[in-house]
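A.B. asks: Shown below is the structure under consideration.
Computed from the coordinates by the stated procedures, all read-outs in this text should not be read as laboratory data. What you are looking at is a predicted structure, and each value in this text was computed from that prediction instead of being measured. Cβ coordinates were reconstructed from backbone atoms using ideal geometry, including for glycine residues, and neighbour counts include every protein chain displayed.
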Amino acid sequence: MNSLLLFVLNDATFITFDKNNLINSDSEFDYSVFVDLEESQKALSPELTAFTFLFKQPGNFVFKLNDVDDKITIDNYFYIKIMDASSACPEFGPFFPPTETYFTKTGLRERD
């Protein structure tokens with residue numbers, strides 16, 4: 001919890017929250033700042049080169065690059081698992097490839 005992530009942006013490519021992805025675990029997650037980011041980056045002259053977000057609650061979150069369709073590819077999607085303070089990561093990370101092995105180890109799965 002209280003995990004801060006920094007996203008580096010450019011004019012053409014930025015991150016969006018994949019609100020319909022079944023791996024997202026928090027249906028009440030307020031992703032409005034990511035909608036605002038998308039609108040800002042689509043402006044004629046986007047000004048942001050970096051974007052930070054503080055995750056305040058544990059959960060699974062799926063993001064994708066803005067310039068991809070709905071095909072899931074390793075290069076265009078990324079998955080974040082925010083764990084509570086009493087949890088321990090299964091391996092030294094903090095980043096792991098999006099494989100079935102790491103999904104299982106970290107508990108990333110489709111919501112019920």
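A.B. asks: How far apart, in nanometres, would the label points at Ala50 and Phe29 be if each is projected 7 angstrom from Cα along the Cα-to-Cβ direction?
C.D. replies: 2.3
A.B. asks: Can you put Val33, Val62 in order of Cβ neighbours within 10 angstrom, beginning with the fewest?
C.D. replies: Val33, Val62
A.B. asks: How long is the gain from Asp36 to Lys19 if the chain were fully straight, where each residue apart is worth 0.36 nm and the alpha carbon distance is subtracted?
C.D. replies: Length gained, Asp36 through Lys19: 4.7 nm.
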